[in-house]
1. Quick one: grab the alpha carbon gyration tensor of the chain, order the square roots of its eigenvalues as a ≥ b ≥ c, and give me rounded if a/c is under 1.5, else prolate or oblate depending on whether a/b is larger than b/c.
2. Can you tell which of 95, 21, 80 shows the greatest fluctuation in a Gaussian network model of the chain with Cα springs below 10 Å?
3. Mind telling me which of 40, 66, 108 comes out most flexible in a GNM of the chain, alpha-carbon contacts under 10 Å?
4. In vacuo Debye scattering of the range 23-87, one point per C-alpha: log10 I(q)/I(0) at q = 0.13, 0.14, 0.20, 0.29 Å⁻¹?
5. Once you order the gyration tensor axes a ≥ b ≥ c over the Cα atoms, which shape class does the range 52-123 get: rounded for a/c under 1.5, otherwise prolate or oblate by comparing a/b with b/c?
6. Run the numbers on the range 25-119 and let me know its relative contact order in percent, using alpha-carbon pairs under 8 Å that are six or more apart.
7. Kindly express, to the nearest 10 degrees and within the range 0 to 90, the angle between helix 82-99's C-alpha long axis and the longest C-alpha principal axis of the chain.
8. Return 122, 9 ranked ascending by Cβ neighbour count within 10 Å, so the fewest neighbours appear first.
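Every read-out reported here was derived from the displayed coordinates using simple, explicitly stated rules and does not represent laboratory data. This one's a predicted model, so the numbers in the text were calculated from it and none came from an experiment. Positions of Cβ are backbone-derived with ideal geometry, glycine not excepted, and every protein chain shown enters the neighbour counts.
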């Protein structure tokens with residue numbers, strides 16, 4: 001976490017040990033919750049195999065072992081706080097999830113076991 005428009009002191013005051021102009025990393029855990037009508041023939045609202053493929057293709061493959069500041073197209077010019085990443089993930093997934101016939105309900109991104117952000121879309 002580093003805002004290049006601020007001084008080193010300002011970055012340190014706001015971001016603490018995460019303030020690093022050369023980046024830092026996390027091992028995130030992503031939860032995607034969808035909602036929709038349950039199909040009486042299949043017993044579920046979405047085929048989890050299809051949903052998993054979408055998440056892997058459009059999110060995991062783009063984020064895994066990447067520099068969020070430099071390598072991820074949908075995070076370009078966005079300070080990659082957990083809150084901003086969870087919103088960006090929502091925006092990336094929404095059209096693909098809608099195409100499956102269900103809706104995103106919640107995206108939860110865990111930075112550590114104690115720190116996470118949840119996003120339910122713009123209300």
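1. Prolate, since a/c reaches 1.5 and a/b exceeds b/c.
2. Residue with maximal mean-square fluctuation among 95, 21, 80: 21.
3. Highest fluctuation among the options: 40.
4. Log-scaled intensity ratios, in q order: -0.47, -0.53, -0.85, -1.39.
5. Here the range 52-123 falls in the oblate category.
6. Computed over the range 25-119, the figure is 41 percent.
7. 20 degrees
8. Ascending number of Cβ neighbours within 10 Å: 122, 9.
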